[in-house]
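First the structure, in the form of structure tokens, and then the observations on it.
The values are calculated or read from the model by the stated rules, or taken from the named source; none is laboratory data. The structure displayed is predicted, hence computed values, not measured ones. A quick note on method: Cβ atoms are made from the backbone with ideal geometry, for glycine too, and the neighbour counts reach across all protein chains shown. Note: areas computed on protein heavy atoms with side chains; ligands, DNA, RNA excluded. Shrake-Rupley method; radii C 1.70, N 1.55, O 1.52, S 1.80 Å.
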Amino acid sequence: MKIGVLAVQGDFALHEKTLHALGVETIQVRKPEHLDGCSGLIMPGGESTTFVKLLKEVDLFDALKQFGREKVIFGTCAGLITLAHEIVNYPLETLDLIQIQVARNAYGRQIDSFIDTVQVKTGDTAFEVEGVFIRAPKIVEVGEGTQAIGFRGDEIVMAENEHILVATFHPELTDDTRIHNYFLQKVKQMQ
Ligand code: GLN
């Protein structure tokens, strides 16, 4: 199994490191042909406005839209914003692959980065992880066909549909591999 890690911008290297620790082969995705043979893709944190601009420049915008209808994509932070249906506080065309509405930079200046406990609850799994939030977005609404699966208190910080998994925090910044492992299980189910 080979997993693509979007490498046009942002913190892709640590996602690769985590996947390597789990024994998975990766490829840095910078153009559409890099997606060939990938069973899944990670879209890392970074800056969503820059992502969208660069994705269009290298013809990955439409290629990712298609990829996400057939394979599994995991987006963290700016990756989540780029995959969302709509950004409520910023006009940016998104990939619209998961029915969530998000607010960018939603925690304000005072606490724009912090660490807090996240409860992950999916069908038959429940566990706690340390969530690293960096100028993070908030998921303000989860729509049809989409499940909330990660919580920080009352806040939804992780969601998924059949093909797309998203987190507002950065699981690649801790040594805990369980979220990446959950993504890999999802990829395997789709194969
Ligand atoms: N604030 C960034 C954005 O709006 C996301 C930050 C991140 O990816 N850590 O795109």
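Tabulated values for the structure
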| item | result |
| --- | --- |
| Spacing of the two label points (7 Å from each Cα toward its C-beta) at Glu70 and Ala13, in nm | 3.2 nm |
| Rg(Cα) / (2.2 N^0.38 Å) computed for segment 90-150, rounded to two decimals | 1.28 |
| Scaled radius of gyration (Cα, divided by 2.2 N^0.38 Å) that segment 1-125 gives | 1.07 |
| Extension gain from Glu86 to Val140, taking 0.36 nm per residue of separation minus the Cα-Cα distance | 18.4 nm |
| Summed side-chain charge close to Gly4 - residues other than Gly4 whose Cβ falls under 14 Å, Lys, Arg +1, Asp, Glu -1 | -1 |
| Average projected area [Cα convex hull, segment 67-191], square nanometres | 7.4 nm² |
| Selected from Pro44, Pro137, Pro32 as most flexible by GNM, with the chain as the system and alpha-carbon contacts under 10 Å | Pro32 |
| Computed Rg/Rh of segment 15-78, alpha carbon atoms with Kirkwood Rh | 0.95 |
| Unit charges at the beta carbon, dipole of the chain: most positive-side option, Leu83, Gly143, Leu60 | Leu60 |
| Alpha-carbon centroid distance for the pair segment 158-186 / segment 28-103, whole angstrom | 15 Å |
| Dipole-positive endmost among Leu35, Ile98, Val24 within the chain (Cβ charges, Cα centre) | Leu35 |
| Label-point separation in nm, Thr125 to Asp96, each point 7 Å along Cα→Cβ | 3.0 nm |
| Candidate residues Thr76, Thr177: accessible-area rank, largest first, probe 1.4 Å | Thr177, Thr76 |
| Using distinct alpha-carbon pairs, which all enter the 1/r mean, Kirkwood radius of segment 152-191 in Å | 11.3 Å |
| Over the chain, relative contact order from alpha-carbon pairs under 8 Å, at least 6 apart, % | 19 percent |
| Only Lys, Arg (+1) and Asp, Glu (-1) charged, at Cβ; segment 89-191 dipole about Cα centre in debye | 140 debye |
| Cβ charges +1 (Lys, Arg) and -1 (Asp, Glu), total dipole of the chain, debye | 220 debye |
| Segment 25-94 - percent relative contact order, Cα under 8 Å, separation 6 or more | 38 percent |
